[in-house]
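Novice: Sending over a structure as structure tokens; questions will come in a sec.
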Amino acid sequence: MKLEVPSDLGLVGDAVELVATHLPPGTLSPRRISFNLRTALAEALGNAIRYGTGEDPGRTVRVRVEVGRDVVRIYVIDDGQGFDPSRLPDPTHPDNLERDYGRGLFVIRHLVDDVAFNEKGNGICLTLRAG
Amino acid sequence: MRFTLKKDKSGVVIVGVEGQLIVGNRQELKQKVLDALEEGSRKFVIDFSKTGYIDSSGLGVLVSLSKKIREQGGELRLAGLNADLQTLFELTKLDTLFAITRTAEEALAAF
């Protein structure tokens, strides 16, 4: 499955539903699709649109979904400059708790089984294993 | 996805989040609550009993609203989180920042 999502935060919900409702049944449990996949994909798409494409309506974010026998991989790639995921502060630190930003990647890492970035840092791969 | 807003007889504003609270609709929730705050409401319950998922932008808007409501001498409670959403608040340690009850009725009773 491949999507080109226009750089519009208002479309994130629809794009997530499109992916979640078109997954072949059986690989992931309904609960993991309902919560883990939806939340992680919304995060990744939101980040790509906000930071990657700068919400520029002329740009798009590419989503590619690969479904294996016991694994689902979702790639979200924007055409931005990329970033260094190792340089993000801990959002659970008491000094950061009352910030209203900075939790996205933290949440993703806790909801999926594996997170990988491409070298440039403008593409993320979310892996969810069967269950 | 939609937000419902009502006031109970003691003036507590109850906001229902149906569907999801994510980057694409968080500003709508924020505006509804800020409008009610502007009109003088000071006690708020956000009811997540019909909410499927919340992303970090949704969490962020809740943090922001909590601060604004407190600054105005008010109070915000969250209610109705399912097990997955409760886990989300716990892993982000936001369960330490918010008063969370099992149901909206319990939240109302706690004011």
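Computed from the coordinates by the stated procedures, all read-outs in this text should not be read as laboratory data. This structure is a prediction, so every number in the text was calculated from the model and none was measured. Neighbour counts are summed over all protein chains in view; Cβ atoms, including those assigned to glycine, are modelled from backbone coordinates with ideal geometry.
Novice: May I ask you to list the residues in the range B:13-23 that are within 14 Å of chain A (Cβ to nearest Cβ) and touching a residue at least 40 places away in the same chain (Cβ under 8 Å)?
Specialist: Step one: list which residues in the range B:13-23 are within 14 Å of chain A (Cβ to nearest Cβ), which gives B:17-23.
Passing the criteria: only B:LEU21.
Novice: Something else now. Does B:VAL33 qualify as being under 11 Å from the mean Cα position of the chain (by Cα), more than 14 Å from chain A (Cβ to nearest Cβ) and surrounded by 15 or more Cβ atoms within 10 Å (Cβ to Cβ)?
Specialist: Values: under 11 Å from the mean Cα position of the chain (by Cα): yes; more than 14 Å from chain A (Cβ to nearest Cβ): no; surrounded by 15 or more Cβ atoms within 10 Å (Cβ to Cβ): yes.
Here the answer is no, as B:VAL33 does not meet what is asked.
Novice: May I ask you to say which residue of A:LEU88, A:LEU41, A:LEU105 is over 23 Å from B:TYR53 (Cα atoms), within 14 Å of another protein chain (Cβ to nearest Cβ) and touching a Leu at 6+ places or on another chain (Cβ under 9 Å)? Spell out how you get there, then give the answer.
Specialist: Numbers: A:LEU41 fails: over 23 Å from B:TYR53 (Cα atoms); A:LEU105 fails: over 23 Å from B:TYR53 (Cα atoms).
After applying the criteria, what remains is A:LEU88.
Novice: Going through the range A:89-102 one residue at a time, which ones are touching a residue at least 12 places away in the same chain (Cβ under 8 Å) and exposed (fewer than 14 other Cβ atoms within 10 Å of the Cβ)? Lay out the reasoning, then the answer.
Specialist: Restricting attention to the range A:89-102, the residues satisfying the condition of being touching a residue at least 12 places away in the same chain (Cβ under 8 Å) are A:89-92, A:102.
Those that are touching a residue at least 12 places away in the same chain (Cβ under 8 Å) and exposed (fewer than 14 other Cβ atoms within 10 Å of the Cβ): A:PRO89, A:ASP90.
Novice: What helices (runs of 4 or more DSSP H), lying completely within the range B:24-111, carry at least 1 residues that are touching a residue at least 12 places away in the same chain (Cβ under 8 Å), of a type in the set (Gly, Ala, Ser) and on the phi > 0 side of the Ramachandran plot? Reasoning before the result, please.
Specialist: Details: elements: B:26-38, B:56-71, B:83-91, B:104-110.
Per the criteria, no element qualifies.
So that you can scan it fast, the table gives a plain yes or no per residue for (1) closer than 27 Å to B:VAL63 by Cβ; (2) away from chain B (no Cβ under 14 Å); (3) in a strand (DSSP E or B):
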{"residue": "A:GLY58", "(1), (2), (3)": "no, yes, no"}
{"residue": "A:VAL63", "(1), (2), (3)": "no, yes, yes"}
{"residue": "A:GLU66", "(1), (2), (3)": "no, yes, yes"}
{"residue": "A:VAL72", "(1), (2), (3)": "no, yes, yes"}
{"residue": "A:GLU98", "(1), (2), (3)": "yes, no, no"}
